[in-house]
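Working notes, structure below.
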Amino acid sequence: MLVLWLPPSGPAPAAPTPSAPLPPPREPGPPYRVCLVCLGNICRSPMAETVLRASLAEAGLDGAVRLDSAGTGDWHVGEPMYQPAQAALARWGYDGSAHRARQWRPSWLAERDLVLAMDAHNLAALRRIAGSADRDRIRLPFLRRAVDAGALRPDDARLVEAVIDRIGSLAGPPEPPSRIHGDCWAGNVLWSRGRGWLIDPAAHGGHRETDLAMLALFGAPDLDRILAGYNDTVPLAAGWRSRIPLHQLHPLLVHACLFGASYREEVRTAARAALAS
């Protein structure tokens, strides 16, 4: 589950539209087997698994779908869900205390009907493992939803898919995951007496350049000073500025899903810039 910022004003979210057909089950009859995958399997994918499991049970479909989750990395294998993630679930009546992190195994793909990646990096990692026959079983929900809703056109989706296919070469040198804010736009940075205070986090393990790209997406006071101060304190890998559009793609897809085609050109511009970097 991704925690998203919803602006206080602006156009209302587009009405829900039917989603694209799911990949057919590998075996006849239930259950339909779904795995949700993020980076470390301690925040986003187990939260999504917990909420989706409860929703399926409420709809009387818990026997029709078998759910699990995993991470592409092995940093947290065997650990419980990140405590603030558990607390966020508990506030809404969900219990994530039984979860223990696992790492995705390539052999699992043949045992799953659908794999939902939590972001483009996860999608690219999973698709490198999958053969062409299984490519459509691994999906990035926000891209498909944006196309289904008419916010993006099929050629826009192909442009984003081209970024995903090359993400290994576009993302810069490998880095260990960082604990990032997750929704670090300017409205979540409050200024008082010359100091900035971060509020309303959607914290998770991710790439540290993502928060900086989010600050740049909608603009922030003294952005150049913030970026320079960060780079002086914890130096960024060479070429990080050219990777800003890559890290802006996911929040732009989220906004396309929520607010429609007004974000189409920004998605296209970010994808083209990422491919040109």
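The values are calculated or read from the model by the stated rules, or taken from the named source; none is laboratory data. Worth saying up front: this structure is predicted, and the values here are computed from it rather than measured. Positions of Cβ are backbone-derived with ideal geometry, glycine not excepted, and every protein chain shown enters the neighbour counts. Surface accessibility is based on the protein's heavy atoms, side chains included, excluding ligands, DNA and RNA. Shrake-Rupley method; radii C 1.70, N 1.55, O 1.52, S 1.80 Å.
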(request) Determine, from the Cβ-Cβ distance of Asp222 and Glu27 and an R0 of 41 Å, the FRET efficiency 1/(1 + (r/R0)^6), rounded to the nearest 0.05. (result) 0.10
(message) Please list 3J(HN,Hα) in residue order for the stretch 176-190, calculated via the Karplus relation 6.51 cos²θ - 1.76 cosθ + 1.60 where θ = phi - 60°; whole Hz, with x for glycine and proline.
(response) x, x, 10, 7, 10, 5, x, 8, 8, 7, 4, x, 9, 10, 9
(message) Between the stretch 152-190 and the stretch 37-72, what is the separation of their alpha carbon centroids in Å?
(response) 23
(message) Give me the percent of accessible area attributable to carbon and sulfur for the chain, probe 1.4 angstrom.
(response) 57
(message) Relative contact order of the chain, please, whole-number percent, based on alpha carbon pairs below 8 angstrom and at least 6 residues apart.
(response) 19
(message) For the stretch 102-148, what does the accessible surface come to per residue with a 1.4 Å probe? Please give it in Å².
(response) 45
(message) Pairwise over distinct Cα atoms, reciprocal of the mean inverse distance: report the Kirkwood radius of the stretch 194-277 in Å, one decimal place.
(response) 14.0
(message) Could you sort the peptides 180-188, 44-52 by per-residue average Cβ neighbour count (10 Å cutoff), highest mean leading?
(response) 44-52, 180-188
(message) Looking at the chain as a GNM with Cα springs under 10 Å, which of Gly229, Gly71, Gly260 has the largest mean-square fluctuation?
(response) Gly229
(request) Evaluate the Debye formula for the stretch 76-170 with equal point scatterers sitting on the alpha carbons, no solvent, and hand back log10 of I(q)/I(0) at q = 0.14 Å⁻¹, in q order, two decimals. (result) -0.70
(request) Please find, in a Gaussian network model of the chain (springs between Cα atoms separated by less than 10 Å), the residue of Arg144, Arg26, Arg243 whose mean-square fluctuation is greatest. (result) Arg26
(message) Given the -39500 (n - 2.57) contribution per DSSP H run of 4+ residues, what per-residue ellipticity at 222 nm results for the chain, rounded to the nearest 500 deg cm²/dmol?
(response) -11500 deg cm²/dmol
(request) Of all alpha-carbon pairs in the stretch 128-276, indicate the percentage at a distance above 19 angstrom. (result) 57
(request) Rank by packing, highest mean first: peptides 115-125, 29-39, 89-99, with packing defined as the count of other Cβ atoms within 10 Å averaged across residues. (result) 115-125, 29-39, 89-99
(request) Any chance you could give the angle, 0 to 90 degrees and rounded to 10, that helix 244-259 forms with the longest Cα principal axis of the chain? (result) 60
(request) Report the full-extension gain for the segment Arg195 to Ser277: residue separation times 0.36 nm, less the Cα-Cα distance, to one decimal in nm. (result) 26.2 nm
(message) How much of the pair distance distribution for the chain lies past 24 Å, counting alpha-carbon pairs only, in percent?
(response) 52
(request) With all protein chains present, calculate the accessible area of His247 using a 1.4 Å probe and round the result to the nearest 10 Å². (result) 10
(message) Using a 1.4 Å probe on the protein heavy atoms only, what accessible surface does Tyr82 show? Give it in Å² to the nearest 10.
(response) 70
(message) Taking amide H atoms as placed 1.01 Å from N in the peptide plane, list the residues 5 or more away in sequence, or in a different chain, whose amide H sits under 5 Å from that of Ile138.
(response) Val115
(message) Below 8 Å, C-alpha to C-alpha, sequence gap of six or more: please give me the relative contact order for the stretch 61-123 in percent.
(response) 36
(request) Would you work out the relative contact order for the stretch 199-277, in percent, from Cα pairs under 8 angstrom that are 6 or more residues apart? (result) 32
